[in-house]
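Here is the structure we will look at, set down as structure tokens.
The values are calculated or read from the model by the stated rules, or taken from the named source; none is laboratory data. Here the structure is a predicted model, which means the values were calculated and not measured. Ideal geometry is used to build each Cβ from the backbone, glycine not excepted, and the neighbour counts take in all protein chains shown. Note: accessible area is taken over every heavy atom of the protein model, side chains too, but ligands, DNA and RNA are not part of it. Shrake-Rupley method; radii C 1.70, N 1.55, O 1.52, S 1.80 Å.
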Amino acid sequence: MEWLMGKGKKKIIVEPEIKEDKPYMEEFYSNSFIREMSELKELVPLPPSIDHNEWIATNTLAFFNQVDLLYGSVCEKCTTAVCPTMSAPGAVIYLWYDDKGKKITKTNVSAPQYIDYVMTFCHKSLHDDAVFPTKFGLKFPATFMTTVRKMFKLLFHVQAHMYYAHFYDFVNHQLCSHLNTVLMNFVLFEQEFHLLEPKETAPLDDLLQAMGVISQS
């Protein structure tokens with residue numbers, strides 16, 4: 001009958017919330033850029049007389065190269081021991097989706113393995129004329145924008161991880177302003193052409209708000 005009298009009840013212990021370290025949110029860092037937003041905004045819209053898909057393809061290639069170069073500057077610090085999961089701010093862990101065949105499998109892999117998958121997929125797609133045609137007379141496939149959106153999502157994952165796990169490495173290499181500028185340009189472009197769902201940028205929304213790229217809710 002102890003339960004009836006309130007005895008023997010388990011105590012509920014509320015664990016204190018652990019505040020996530022976000023050095024990139026410090027004003028000194030969040031306001032560090034190599035180009036102003038006004039300049040970047042002028043580079044985003046589709047220029048007159050340029051094919052829409054050609055413009056998307058050209059910029060997708062440029063963003064891939066930029067993210068690849070940034071990650072290359074810290075890749076020695078991104079090991080399976082240091083980054084056993086593909087983590088991002090907000091306790092986010094990205095799983096790798098393998099959609100070969102009819103069965104889709106989700107795998108928890110280390111950050112360097114995940115990023116290797118991302119870069120391999122993007123590189124292969126960008127150099128496949130059936131996906132990103134470069135030869136005269138070839139047309140963009142009906143699935144072109146689907147592939148581009150997948151690439152943008154994956155490249156954003158890489159950027160989110162770099163902020164989460166390697167921001168101090170960028171500070172030490174004096175590349176913080178480059179990292180911020182690429183992110184700002186990347187998000188301005190995806191906003192213009194609706195390449196990401198709003199939930200995809202959530203891990204870095206606080207930084208994007210501080211930058212003025214997205215409005216505060």
**Request:** Sort the stretch 70-178 into rounded, prolate or oblate with this rule: let a ≥ b ≥ c be the square roots of the eigenvalues of the Cα gyration tensor; rounded if a/c is under 1.5, and if a/c is not under 1.5, prolate when a/b is larger than b/c, oblate otherwise.
**Result:** oblate
**Request:** Whole number please: convex hull volume per residue, Cα atoms of the stretch 54-115, in Å³.
**Result:** 123
**Request:** Mind ranking 62-75, 121-134 by how tightly packed they are, going by the mean number of other C-beta atoms within 10 angstrom, highest first?
**Result:** 62-75, 121-134
**Prompt:** Can you give the extra length, in nm with one decimal, that the chain gains between E197 and T58 once fully stretched, where that is 0.36 nm per residue apart less the Cα-Cα distance?
**Reply:** 47.9 nm
**Asked** If the limit is 21 Å between Cα atoms, which of K22/K106; K124/K150; K41/K77; K22/K150; K41/K124; K124/K153 go over it?
**Response** K22/K106; K41/K77; K22/K150; K41/K124
**Asked** What accessible area per residue comes out for the chain, rounded to a whole number of Å², with a 1.4 Å probe?
**Response** 62
**Request:** Could you calculate the FRET efficiency of C75 with E36 from 1/(1 + (r/R0)^6), where r is the beta carbon distance between them and R0 is 45 Å, rounded to 0.05?
**Result:** 0.95
**Asked** Which part of the stretch 76-93 falls in the paramagnetic zone of T107, meaning amide N under 15 Å from the point 7 Å along Cα-to-beta-carbon?
**Response** 85-86
**Item:** Near-label residues of the stretch 53-77 by backbone N, under 12 Å of a point 7 Å along Cα→Cβ of H123
**Value:** 65, 68-69, 72
**Message:** Could you order the peptides 27-37, 184-194 from most to least packed, using the average number of other C-beta atoms within 10 Å per residue?
**Reply:** 184-194, 27-37
**Prompt:** If you work out Rg and Dmax of the Cα atoms in Å from the coordinates, which of (i) 20.8, 84; (ii) 16.0, 44; (iii) 16.7, 55 do you get?
**Reply:** (i)
